[in-house]
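Worksheet for the structure shown next.
The values are calculated or read from the model by the stated rules, or taken from the named source; none is laboratory data. What you are looking at is a predicted structure, and each value in this text was computed from that prediction instead of being measured. Heads up, the Cβs are rebuilt from the backbone with ideal geometry, glycines too, and the neighbour counts pull from every protein chain shown.
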Amino acid sequence: MTISLNQTGKRFNYDWIFRRVTLTFSEGQRYAILGPNGSGKSTLLQVISGAIQHNEGTVLYNTGTPEKPIAPDAFFRYCAIAAPYLELIEELTLTEIITFHLQFKNFLPGITPAMAMQLVGLEKAAHKQLRNFSSGMKQRIKLALAILSDVPVLLLDEPCTNLDAAGTALYQQLIKDYGGNRLIIVSSNDEQEYFMCEHRIHITDYK
């Protein structure tokens, strides 16, 4: 799986968030998008994910050997994302949200719903509505649903938001154990979140 941006830019009204981004994200590599708060890191990640449309340039997705193009509106099948702005359905229980998620994406081979709950320390809350979860518990669920999904691309936006030290350590262990040979892109200002990323991209280079 590769994601290629060529002279890609995004603006809101007349203000350019970033311009002329030319980058290739390759399978098995791990990338960190870095920059000050409000600089456009999350916006770039959302453009990469296809969640928002860019205003100039191109974003291309390819998979397989030899590479075959993926339509932008089909890319969601190949990626999983965890981000603070993505909401959970709070009327559902933990068991129900996992069942709902699995209607769209499978877990990695060997991972069961019970195991997923256990891996993030929430097995005792299996039948509890998400509205009664703390912000840290909700973030653990988001990370489990993303990292444990059987997809080739993992997108993480400030993945340790609302996590304490134990939650951060759990996130790092999940990446080490289940990151695999996937393409991983992290938007962050915290090195604990992008500790595994060998490539560093500074959003300020594209202003």
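Please verify whether the range 43-57 includes one or more residues that are at pLDDT 95 or above and part of a strand (DSSP E or B). Yes; the residues of the range 43-57 include at least one that is at pLDDT 95 or above and part of a strand (DSSP E or B).
Of all residues in the range 98-110, those that are part of a loop (DSSP other than H, G, I, E, B) and under 24 Å from Glu158 (Cα atoms) total 5. Output the number of residues of the range 1-18 satisfying the condition of being buried (at least 17 other Cβ atoms within 10 Å of the Cβ), assigned to a strand (DSSP E or B) and not polar (S, T, N, Q). Of the residues in the range 1-18, 6 are buried (at least 17 other Cβ atoms within 10 Å of the Cβ), assigned to a strand (DSSP E or B) and not polar (S, T, N, Q). Being surrounded by 15 or more Cβ atoms within 10 Å (Cβ to Cβ), small (Gly, Ala, Ser) and over 16 Å from the mean Cα position of the chain (by Cα) holds for only one residue in Gly110, Gly64, Gly57, and it is Gly57. Looking across the range 159-171, the residues that are surrounded by fewer than 17 Cβ atoms within 10 Å (Cβ to Cβ) and touching a residue at least 12 places away in the same chain (Cβ under 8 Å) come down to Asn162, Asp164, Thr168. Any residue at all in the range 126-134 that is touching a strand residue (DSSP E or B) at 6+ places or on another chain (Cβ under 8 Å), at pLDDT 95 or above and under 29 Å from Ile52 (Cβ atoms)? Within the range 126-134, one or more residues are touching a strand residue (DSSP E or B) at 6+ places or on another chain (Cβ under 8 Å), at pLDDT 95 or above and under 29 Å from Ile52 (Cβ atoms). Does the range 181-192 contain at least one residue that is free of Cβ contacts under 8 Å to residues at least 24 places away in the same chain and either crowded, with 20+ Cβ neighbours inside 10 Å or not in a loop (DSSP other than H, G, I, E, B) (or both)? No; the residues of the range 181-192 include none that is free of Cβ contacts under 8 Å to residues at least 24 places away in the same chain and either crowded, with 20+ Cβ neighbours inside 10 Å or not in a loop (DSSP other than H, G, I, E, B) (or both).
Could we say that Ile89 is modelled with pLDDT of 95 or more, in a loop (DSSP other than H, G, I, E, B) and among the β-branched types (Val, Ile, Thr) here? So Ile89 passes the test.
Give the residue that is surrounded by the fewest Cβ atoms within 10 Å (Cβ to Cβ), with candidates limited to residues of the range 29-42 that are over 11 Å from Ser187 (Cβ atoms) and modelled with pLDDT of 95 or more. Step by step, filter the range 29-42, then rank; the result is Gln29.
So that you can scan it fast, the table gives a plain yes or no per residue for (1) in contact with a Leu (Cβ under 7 Å, 6 or more places away or on another chain); (2) outside any strand (DSSP E or B); (3) touching a residue at least 60 places away in the same chain (Cβ under 8 Å):
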{"site": "Leu60", "(1), (2), (3)": "no, no, no"}
{"site": "Pro66", "(1), (2), (3)": "no, yes, no"}
{"site": "Phe76", "(1), (2), (3)": "no, yes, no"}
{"site": "Ile81", "(1), (2), (3)": "yes, no, yes"}
{"site": "Glu96", "(1), (2), (3)": "no, yes, no"}
{"site": "Ala114", "(1), (2), (3)": "no, yes, no"}
{"site": "Ile141", "(1), (2), (3)": "yes, yes, no"}
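Of the residues making up the range 158-165, one or more are in a loop (DSSP other than H, G, I, E, B), farther than 26 Å from Met1 by Cβ and among the charged types (D, E, K, R).
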